[in-house]
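Structure record follows, encoded as structure tokens.
The values are calculated or read from the model by the stated rules, or taken from the named source; none is laboratory data. None of these values were measured; they are calculated from a predicted model. Cβ atoms come from the backbone with ideal geometry, glycine included; neighbour counts cover every protein chain shown.
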Amino acid sequence: MSIGSYQEHANNIDKYLANKTFYNMFKKDDICRILDHMRVTIDQACLLLEQSKGKLTPLELFETLQHWKINFGWNADKAAKISLLLSDLLKAPFFNEYIRYFLKRIVESYEDTAKDAKKKSKTNKKVTQENEQLKRQHQIDAMQMQSYEQIHKTNIENLLNLQAEIVAVKEREQKLSKLVESKDYEIARLRVLIGNSSDENEGIKKILANTSNEIEQSKSFSTHQEIQSPNQTKSSKNAKNSDNLDPSLKAQLTSEISFLNNELVKSLTELTKYKVLFQAQNAELENLKAQLNKVDENQTDDKFNDEEIDVLPTSP
């Protein structure tokens, strides 16, 4: 049989194994040559071993195995099946014991692997549960952190608003203080003006008193002249009194009396106006003082509120 024929039979081995004619068609040497031209898969290995029973002796089977080039994928059931078939077909105590030992170790390894897998599965399940719990806790912590940040932001805004209000109150207080100082200055000036008006009134009164004295002196002088001339007639008395008063002096006195009367009226009018203005300024000053006291009370309340805000919980 040529090399090309061996390759062709190797390509068609699945067909021979399917109809179970492989060992009927070829002898041991031809089987070895065909196996040299192929790689045995795990399915082909199972079929070759199963169909060799009764066709090849254990020694012939061992000789054919020396020509196998395997192309196995991992399949635990088929690998165990191949091992059992070899143990049964080779009929050699060493191979039987070795294969059985090998199978036993495979089973033990599989059981250990299964135990490890179960243990790892339990561990993985526990880790998964812990991860889920940690994830939920992380979400809760994130929500709490967000709440703390919002509270902290609100506290900062409140503090800034209170600070702005305190600054505004201080500005109003400064303005009110300046206004009170201005009003105090105006009241002091009004008091000086009222004092000056009183001094002027006193001066006017003195002038009026002096004028009245001069008039009385003039009248006394006229009476004295009448006593010295008791025999004169009434008409001549009047003429002499008129003659004794100088017309220019009489006009001057009349003018001074009129001027002083006008000044007195003017001073009294101005004094009345100053008194009304002084009363209005006093009322306004009292109002300003009341506002200033109210501002002080508000500042005290703000300080108390600041102390309360200082003890608010801050964000972690």
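Structure summary
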{"read-out": "All positions within region 95-115 that are farther than 23 Å from Asp43 by Cα and either of a type in the set (S, T, N, Q) or assigned by TED's automatic domain parsing to the domain that holds Phe62 (or both)", "value": "Ser109, Thr113"}
{"read-out": "Count of residues meeting criterion [in a helix (DSSP H, G or I) and touching a residue at least 12 places away in the same chain (Cβ under 8 Å)] in region 39-63", "value": "16"}
{"read-out": "Test result for Ala80, in a helix (DSSP H, G or I), touching a strand residue (DSSP E or B) at 6+ places or on another chain (Cβ under 9 Å), within 30 Å of Ser109 (Cα to Cα) and not polar (S, T, N, Q)", "value": "no"}
{"read-out": "Candidates Lys273, Lys237, Lys266 - the one that is assigned to a helix (DSSP H, G or I), modelled with pLDDT under 80 and assigned by TED's automatic domain parsing to the domain that holds Ile207", "value": "Lys237"}
{"read-out": "Matching entry among Ala18, Ala79, Ala117, Ala92 (being among the small types (Gly, Ala, Ser) and closer than 23 Å to Ser5 by Cβ)", "value": "Ala18"}
{"read-out": "Residue match in region 17-29 (condition: charged (D, E, K, R), surrounded by 12 or more Cβ atoms within 10 Å (Cβ to Cβ), touching a Lys or Arg at 6+ places or on another chain (Cβ under 9 Å) and modelled with pLDDT under 95)", "value": "no"}
{"read-out": "Criterion violated by Leu260 - all others in (1) surrounded by 13 or more Cβ atoms within 10 Å (Cβ to Cβ); (2) under 60 Å from the mean Cα position of the chain (by Cα); (3) at pLDDT 80 or above satisfied", "value": "(2)"}
{"read-out": "Residue within region 99-114 that is surrounded by 11 or more Cβ atoms within 10 Å (Cβ to Cβ), in contact with a Ser or Thr (Cβ under 6 Å, 6 or more places away or on another chain), in contact (Cβ under 8 Å) with a residue 24 or more places away in the chain and not hydrophobic (A, V, I, L, M, F, W, C) present", "value": "no"}
{"read-out": "Test: residue in region 52-70 that is of a type in the set (S, T, N, Q) and under 20 Å from Lys81 (Cβ atoms)", "value": "yes"}
